[in-house]
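Just below is one structure, and these are the notes that go with it.
Please treat every number below as a calculation from the coordinates, not as lab data. Since the structure is predicted, the reported quantities are computational estimates derived from the model, not experimental observations. Backbone-built Cβ (ideal geometry, glycine too); neighbour counts: all protein chains shown.
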Amino acid sequence: MCGIVGYIGKRDAYPVLVKGLKRLEYRGYDSAGIALINENGDLNVYKTKGKVSDLEAFVEKKDVSGTIGIAHTRWATHGEPCQLNAHPICSSSENLALIHNGIIENYAVLKERLQRKGYTFKTSTDTEVLVQLIEYMQVSNKLDLLTAVQLALHEVIGAYAIAVLDKRNPDMVIAARKSSPLVVGIGENEFFLGSDASPIIEFTDQMVYLEDGDIAVIRRDVELEVVDLDNVKMNPEVQTIEMNLGQLEKGGYPHFMLKEIFEQPDCINDCMRGRINVEGTNVALSAVIDHKDKLLNAKRFIIVACGTSWHAGLIGKQLIETFCRIPVEVEYASEFRYRNPVIYEDDVVIAISQSGETADTLAAVELAKSKGAFIYGICNAVGSSIARSTHTGSYIHVGPEIGVASTKAFSGQVTVLTMLALTLAKEKQAIGEEKFLDLVQELILIPAKMKQVLDKNQKIAELARIFTYAHNFIYLGRGYNYPVALEGALKLKEISYIHAEGYPAAEMKHGPIALVDAEMPVVVLATRNGMYEKVVSNIQEIKARKGKVIAIVTEGDEEIARIADDCIELPQTVECLEPLIATIPLQLLAYYIAVCKGKDVDQPRNLAKSVTVE
Ligand code: G6P
């Protein structure tokens with residue numbers, strides 16, 4: 001959460017920083033700010049409540065000159081989103097400006113200590129405590145900035161990615177990380193800083209991902225130096241990062257979310273490329289093959305994830321249990337990490353995370369690792385913290401996902417989980433040759449079937465208009481479609497702010513049916529699969545209470561067409577692959593309802609794309 005960007009070099013820093021902030025707005029967007037040191041050595045700090053565009057309007061006609069600067073877009077943790085609490089935050093002397101991503105857990109104790117020493121505080125942020133602590137270290141011990149930062153960070157408990165400017169030293173930025181990502185981009189006689197690679201990639205593909213405990217000393221015209229809190233020199237690995245700039249733009253779509261929904265057929269092809277052979281007869285995830293002994297000997301798999309990734313995990317459970325006959329538990333990472341869970345050395349923990357930075361998922365990984373479990377990561381962001389802390393894993397390769405509501409990452413996660421289950425089932429000889437072949441061949445057809453669903457875009461947009469009035473929605477599904485119902489409800493909540501519940505269809509009778517009346521839209525996943533007849537009965541139960549049924553059906557279904565209020569048809573596929581196409585109309589429905597309600601689809605209130613605080 002929160003976006004960090006920094007620059008030091010020969011160019012004007014302001015345009016670089018503002019462009020970077022815009023790329024990072026998906027990480028938080030309740031306030032934004034910038035600090036620049038100009039030629040005269042003045043430290044100019046500008047900040048506003050609201051988005052980066054508000055910041056741009058605010059700085060118009062102000063001095064934004066300077067070739068060194070740091071900037072921040074915020075997702076508030078401590079202190080309400082307002083101009084005062086926005087970053088950068090200055091020290092009392094106004095010599096230091098600091099931006100921070102994360103949470104200083106012991107800020108109250110540190111604050112009290114500084115207050116006793118005469119420090120006063122203007123904001124209610126934990127960040128101000130950190131910048132004051134650095135200043136206190138500098139002044140009381142007469143230290144240079146780096147040593148003061150090191151001493152201050154020794155006292156801090158919590159998570160942080162920070163960047164600090166000292167106006168008395170206009171040729172240096174100090175940056176540090178612990179549990180919050182930070183990347184240094186290396187250009188020619190210039191350096192960039194970002195909380196991920198997206199604000200940097202336009203300028204250089206040479207990057208250093210800082211490790212926990214690293215402090216980057218970024219100086220003008222001097223080679224990058226990385227040290228730890230005790231000033232031991234580190235050997236940072238410079239990586240060449242591949243990222244297509246076009247993936248960071250909307251490419252003609254009104255919103256990133258719509259673009260990402262429409263990208264799904266191509267993303268799934270990218271995800272399968274090189275993993276399914278050209279003849280379409282075999283699927284092999286290299287991580288599974290390389291570690292097959294570990295995986296085949298596992299008594300149990302535990303999937304840990306949050307949000308949409310957790311929904312993908314529920315589908316993964318069904319796939320792995322069905323085809324590999326290995327028991328799978330699916331856990332919210334935030335619950336798992338604090339429950340003192342039973343973890344055995346022969347457990348395999350699968351961590352699913354689009355961003356690879358979700359604090360709870362990362363902590364769950366570390367916990368499971370410390371108990372000796374084997375960790376398999378399924379991430380999108382290459383080089384992310386979770387990807388790096390696992391023993392092995394498979395990237396989903398769907399490209400950067402910018403819209404806060406996850407869409408294509410979900411499809412990529414389900415696709416990787418499908419390939420994982422199939423690869424493992426084959427290695428374990430738990431699946432017949434014919435069944436395996438059928439599934440691989442059907443998987444290859446999924447992108448084309450996704451396109452057929454996307455062709456219904458207009459119809460779904462019209463349907464959305466009808467249901468914009470609703471204050472509540474219920475989503476029902478069974479089997480593989482139950483997690484799809486959860487995901488459909490989550491999408492609607494996230495971007496339209498309509499209350500929505502996903503339920504296993506049969507559970508409806510145990511509570512939610514009490515809510516059903518003529519005002520209540522109920523989205524039912526009712527494809528022609530093993531549970532079809534049961535779901536038809538569930539639809540009858542809703543209609544008997546005058547609920548409005550929007551049914552997601554297999555094409556040509558006349559039976560449900562007669563009883564449902566509206567139907568969206570899907571092409572036929574095998575039951576275990578249905579989530580890959582059935583989720584799409586629910587994504588579109590949520591999208592168009594949010595658009596009709598005039599909501600900010602890509603940046604819904606209170607949410608952030610990458611939840612790096614617990
Ligand atoms: C946030 C995002 C969700 C995402 C969840 C888990 O809540 O808004 O879209 O599903 O975090 O994120 P991860 O990056 O770990 O998949």
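Using alpha carbon centroids, what distance separates the stretch 438-503 and the stretch 315-346, in Å?
Spelled out, the Cα-based centre of one part sits 26 Å from the other.
Taking the Cβ of each residue in Lys534, Lys142, Lys259 as the centre, tally the other Cβ atoms inside 10 Å and list the residues starting with the fewest. Don't skip to the answer; put the middle values down first.
Numbers: Lys534 13, Lys142 9, Lys259 20.
Ranked by crowding around the Cβ, least crowded first: Lys142, Lys534, Lys259.
If I take every Cα pair under 8 Å that is 6 or more residues apart in the chain, average their sequence separation and divide by the length, what percent do I get for the relative contact order?
The normalised contact order for the chain reaches 11 percent.
Could you work out the local net charge near Ala86, counting Lys and Arg as +1, Asp and Glu as -1, over the other residues with Cβ closer than 10 Å to its Cβ?
Net charge in that neighbourhood comes out at +2.
Which angle from 0 to 90°, rounded to the nearest 10, does the C-alpha axis of helix 145-155 make with the longest principal axis of the chain?
50 degrees
Could you order peptides 224-230, 380-386, 339-345 by the average number of other Cβ atoms within 10 Å of their residues, highest first?
380-386, 224-230, 339-345
In nm, what is the difference between 0.36 nm times the number of residues separating Glu462 and Asn244 and their Cα-Cα distance?
Full-extension gain reported as 75.1 nm.
Among DSSP beta bridges lying fully in the chain, give the percent that are antiparallel, nearest 5.
60 percent
Report the Cα centroid-to-centroid distance between the stretch 348-383 and the stretch 562-614 in angstrom, as an integer.
The two parts, judged by their Cα centres, are 26 Å apart.
Of the listed pairs Lys317/Lys597; Lys317/Lys369; Lys51/Lys111; Lys451/Lys597, which have alpha-carbon separations greater than 24 Å here?
Lys317/Lys597; Lys51/Lys111; Lys451/Lys597
Please work out the FRET efficiency for the pair Ile444 and Lys294, using the Cβ-Cβ distance as r and a Förster radius of 35 Å; give the result to the nearest 0.05.
Working: r = 28 Å, r/R0 = 0.81.
Efficiency at R0 = 35 Å is approximately 0.80.
Take the alpha-carbon centre of the stretch 6-60, take the same for the stretch 76-110, and report the distance between them in whole Å.
Each part reduced to its Cα centre gives a spacing of 16 Å.
Using Cα positions and a limit of under 18 Å, work out the lysines in reach of Lys449, with same-chain residues fewer than 8 apart set aside.
Candidates past the 8-residue exclusion: Lys259, Lys408, Lys459.
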